[in-house]
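Accompanying notes for the structure given below.
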Amino acid sequence: MDQVFITDGTQTSLDLCARILADAGDTAWIENPGYGGARAAFQSAGLVLEPVAVDADGLAPRPEQWRDAPPRLIYITPSHQYPLGSILSLERRLKLIEDARAAGAWIVEDDYDSEFRRGGVPLSAVQGLSEDAPVIYLGTFSKTMFPALRLGFMVVPRYLAATIAGTLGEITRRGHVAEQIALADFIDSGQFARHLRRMRQRYGQRRDALEAALARHLRGSVTVSSSAGGMHLSARLELPLADTVVTRAARAQGLIVRPLSTYRLPGTPLAQYNGFVFGYAGVPAGAIDGLIARLAQVIDALRHEPAP
Ligand SMILES: Cc1ncc(COP(=O)(O)O)c(C=O)c1O
């Protein structure tokens, strides 16, 4: 228990990791494409960002990156890469721990939605794979409950716990105590587990409806790239249209879809990540087919627009 620290959510945890575990000018490895919240936290702490590619097995650093841009922090979303959805393989998890240890780096493991994993063999958190692994595990209640609750937690290695406790005591103040007590009651009563079971099923239905609608209305135009589970799905756009042009036209029709290209770090070719990120957690399953049909109409209209 001494290794668990309650925070105001993952954004605060990321900020604390950057400030406590690194110095301005240090290098932070960041998944590319990846989570803008991590990018912003590290940049505002003065860290130098090194984009690291992601493939179907998760983070895939080039061997020379260890030599040429050795990291102080390595940010990963191993259980469901954000936004592509790949799962970091066991082999890569073990190798990353070994390499991080050798480089004197900290792995920041952002486990933001594994409560909504579907199918497949559950992999242990990177932190749990090796005794005293140099990993800070970040959890949040933003997805399981709601973002405005602003509650999350960090689990740190045993040998770091006293240092973190001392530093946090100096640079932060305790808050959200009433919310923490209410949440603890909710968990103890068994209602949180029931809520998770219900939402897992509901999100699963929404995900199935989305995949079916994409296959029905956009077959050949998009390729789904993420694994099942979670609350979002990413897909590559297979047409010669920029994703930002499509999402802007869609928004004008009241459809909110995020362009995958905006998750890239500067310097990454657009063609590599031209696509969409669909957040489906808040959309009833019965509404999804109609929404994707409308998106297909938007895309169709753009494809047949006369050249200027
Ligand atoms: C990758 C990722 N990590 C963490 C979070 C949660 O952040 P927070 O706890 O600051 O709300 C999100 C929410 O959108 C996310 O997408």
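The values are calculated or read from the model by the stated rules, or taken from the named source; none is laboratory data. What you see is a predicted model; the values in this text were computed from it and never measured. For neighbour counting, all protein chains shown are included, and Cβ atoms are generated from backbone atoms with ideal geometry for every residue, glycine included. Only protein heavy atoms, including side chains, enter the accessible area calculation; ligands, DNA and RNA are left aside. Shrake-Rupley method; radii C 1.70, N 1.55, O 1.52, S 1.80 Å.
Taking the stretch 138-196 on its own, how many of its residues are within 12 Å of the ligand (Cβ to nearest atom) and within 24 Å of GLY128 (Cα to Cα)?
Number satisfying all stated conditions: 11.
Could you tell me whether VAL126 is open to solvent by less than 10 Å² (accessible area, probe 1.4 Å) and among the β-branched types (Val, Ile, Thr)?
Yes, satisfied.
Considering only residues that are more than 16 Å from SER13 (Cβ to Cβ) and under 26 Å from the mean Cα position of the chain (by Cα), look in the stretch 154-183 and name the one that is most open to solvent (accessible area, probe 1.4 Å).
Across the stretch 154-183, the extreme among qualifying residues is ARG158.
Residue by residue, here is whether (1) of a type outside the set (A, V, I, L, M, F, W, C); (2) over 18 Å from SER114 (Cβ atoms); (3) touching a residue at least 40 places away in the same chain (Cβ under 8 Å) holds:
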{"position": "THR144", "(1), (2), (3)": "yes, no, yes"}
{"position": "VAL156", "(1), (2), (3)": "no, yes, yes"}
{"position": "ALA165", "(1), (2), (3)": "no, yes, yes"}
{"position": "THR172", "(1), (2), (3)": "yes, yes, yes"}
{"position": "GLN180", "(1), (2), (3)": "yes, yes, yes"}
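What are the residues in the stretch 243-257 that are in contact (Cβ under 8 Å) with a residue 24 or more places away in the chain and within 23 Å of GLN81 (Cα to Cα), if any?
ASP243, THR247, VAL257, listed by residue number.
I'd like to check which helices (runs of 4 or more DSSP H) are fully inside the stretch 35-113 and have at least 3 residues that are over 21 Å from ARG236 (Cβ atoms) and acidic (Asp, Glu).
It comes to 90-103.
Quick one: would you say GLY36 is within 13 Å of the ligand (Cβ to nearest atom) and at pLDDT 95 or above?
yes
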